[in-house]
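*Asks:* Quick one: the structure is below, and I'll ask about it shortly.
The values are calculated or read from the model by the stated rules, or taken from the named source; none is laboratory data. Since the structure is predicted, the reported quantities are computational estimates derived from the model, not experimental observations. Cβ coordinates were reconstructed from backbone atoms using ideal geometry, including for glycine residues, and neighbour counts include every protein chain displayed. Protein only, heavy atoms only, side chains kept; ligands, DNA and RNA dropped before computing areas. Shrake-Rupley method; radii C 1.70, N 1.55, O 1.52, S 1.80 Å.
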Amino acid sequence: MQLLPGKLFPVGGPVSEKDIVDREDFITSLQIRLGDGQSVMLAGPRRIGKTSIAYEVLRRLKEQGFYTASVDFFRLSNKREFAVSLINACLENRTGIRKTLDVLKDRAKAIAGMAKLTIKLEDLEFGFGFLHGEPDENALLDYALDLPEILATRDGRNMVVLFDEFQDASRVVSQEEIYKKMRSHFQNHKNVSYLFLGSKEGIMKALFSNRKEAFYRFAVILPIPPIPEDSWVTYITRKFAEQNIEVDSEITRGILQKTGGHPQDTMLVCSEIYYALLEAGKNTVTPKFVQLGYDRALLILAQIYDEILDELSQKSHVREVLKRIAAGNRVYSRKANPNEIKRALDYLMAKAIIEKDGRGSYRFVEPMFQEYILGEHR
């Protein structure tokens, strides 16, 4: 039976609605809350599907008639980039152009087209000349932070703004006061709700639940529900069946046991199994192909894991503690200061590498990372 080539299991970025596994109730809840004006914070490790969920919520809200905008702090490096990125994301709702400011500054554009674009934006008070030079960064940022409300009010639309990797805002703007500045603007917005995502769970929870932080109680903190195993089995079976590939439920559960149901790791392993089948001209998933796909996926993830381990090596005792957890050994050692071990554990949990599994017990958020560490020492 001939197999059809294609990207069966999406990897490497946000996925479309049809590849979001069993998140419908959660997406609907987010859509209702944000549409009703409530701001929401979601935190969790990278590569678990936060951004896919968020983009799907924005897509649905846009279909409802909402204005939407998104900014990813991970991709930004300074205050000006942040301001321009937010302004462009907001203006796209009117112009349909992703980088409106670049187009307005581009002298090569047709005069007639430029005139029409300028008319669309003339009521938005570009009052400090950033179309004709380099504006003051602080003025540009103040304008950007207020633009969602200005635009929503002028056009009679409610708006939802997504900030991804929100904990990196202080790195991008290079000042601790950025959160106070943002809160001072956002708290006056009546027609805008905000969705904050972050991969550093400890920092994100502190930003929104610590009384001393500017965003204290600004947004409701929602846990991201795990994907049930049965839902994964149904999804994986259906996806393979789309390409006339047979896989039984026992084999599928074996895949999930290896990946722990981690969203992107599961997708990656299934993708590598699929390509191994294509190369062999086979149409049945067997334990042999599961192991081959898993080994290939682990090689692909090795660069990510090496970078994490290099970063951990800079912290005292952290890498040693992680190795003990991976091997199933006691975390606390007689030779080490218990306070130092506690700090190492707190650091690993803040980085969302491990999570508590009971009194004195910890487990890896990503089982394939545990397997990679164990493989280094075999």
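*Asks:* Identify, from the list 19, 25, the residue that is of a type in the set (Asp, Glu) and more than 18 Å from the chain's Cα centre (by Cα). Full working, then the answer.
*Replies:* Working: 19 fails: more than 18 Å from the chain's Cα centre (by Cα).
The unique qualifying residue is 25.
*Asks:* Within the range 325-341, how many residues are open to solvent by 50 Å² or more (accessible area, probe 1.4 Å) and either out of contact with any Phe, Trp or Tyr (no Cβ under 9 Å at 6 or more places or on another chain) or within 21 Å of residue 46 (Cα to Cα) (or both)? Before you say what the answer is, go through the steps one by one.
*Replies:* In the first step, residues of the range 325-341 are kept if they are open to solvent by 50 Å² or more (accessible area, probe 1.4 Å); the result is 327-330, 332, 334-335, 337-340.
Of the ones still in play, those that are also either out of contact with any Phe, Trp or Tyr (no Cβ under 9 Å at 6 or more places or on another chain) or within 21 Å of residue 46 (Cα to Cα) (or both) are 327-330, 332, 334-335, 337, 339-340.
Residues meeting the conditions: 10.
*Asks:* Quick check: anything in the range 205-218 under 24 Å from residue 32 (Cβ atoms), part of a helix (DSSP H, G or I) and open to solvent by 40 Å² or more (accessible area, probe 1.4 Å)?
*Replies:* Taking every residue of the range 205-218 in turn, at least one turns out to be under 24 Å from residue 32 (Cβ atoms), part of a helix (DSSP H, G or I) and open to solvent by 40 Å² or more (accessible area, probe 1.4 Å).
*Asks:* Given the residues 168, 155, which is the only one that is modelled with pLDDT of 85 or more, open to solvent by 40 Å² or more (accessible area, probe 1.4 Å) and of a type in the set (Asp, Glu)? Lay out the reasoning, then the answer.
*Replies:* On the way: 168 fails: open to solvent by 40 Å² or more (accessible area, probe 1.4 Å).
Just one listed residue meets the conditions, 155.
*Asks:* Answer yes or no as to whether residue 256 is touching a Gly at 6+ places or on another chain (Cβ under 8 Å) and either among the aromatic types (Phe, Trp, Tyr) or part of a helix (DSSP H, G or I) (or both). Explain how you work it out, then say what you get.
*Replies:* Working: touching a Gly at 6+ places or on another chain (Cβ under 8 Å): no; either among the aromatic types (Phe, Trp, Tyr) or part of a helix (DSSP H, G or I) (or both): yes.
The answer is no for residue 256.
*Asks:* Here's something else I'd like to know. Would you be able to tell me the number of residues in the range 219-233 that are surrounded by 14 or more Cβ atoms within 10 Å (Cβ to Cβ), at pLDDT 95 or above and β-branched (Val, Ile, Thr)?
*Replies:* Residues meeting the conditions: 2.
*Asks:* What do you reckon, is residue 354 in contact (Cβ under 8 Å) with a residue 60 or more places away in the chain and open to solvent by less than 60 Å² (accessible area, probe 1.4 Å)? Can you show your working first?
*Replies:* Numbers: in contact (Cβ under 8 Å) with a residue 60 or more places away in the chain: no; open to solvent by less than 60 Å² (accessible area, probe 1.4 Å): yes.
In short, no.
*Asks:* How many residues does the range 14-40 contain that are open to solvent by 30 Å² or more (accessible area, probe 1.4 Å), in a helix (DSSP H, G or I) and under 22 Å from residue 186 (Cα atoms)?
*Replies:* Here the count works out to 3.
*Asks:* Filter the range 295-323 for residues that are open to solvent by less than 80 Å² (accessible area, probe 1.4 Å) and of a type in the set (Val, Ile, Thr); which is farthest from residue 354 (Cα to Cα)?
*Replies:* If we take residues in the range 295-323 being open to solvent by less than 80 Å² (accessible area, probe 1.4 Å) and of a type in the set (Val, Ile, Thr), then 304 is farthest from residue 354 (Cα to Cα).
*Asks:* Right, something else. Where residues in the range 41-67 are of a type in the set (A, V, I, L, M) and part of a strand (DSSP E or B), which of them is most open to solvent (accessible area, probe 1.4 Å)? Don't jump to the end; show me each part of the working.
*Replies:* Step one: of the range 41-67, the residues of a type in the set (A, V, I, L, M) are 41-43, 48, 53-54, 57-58, 61.
Remaining after also requiring part of a strand (DSSP E or B): 41-43.
Values: 41: 0, 42: 0, 43: 16 Å².
Here the answer is 43.
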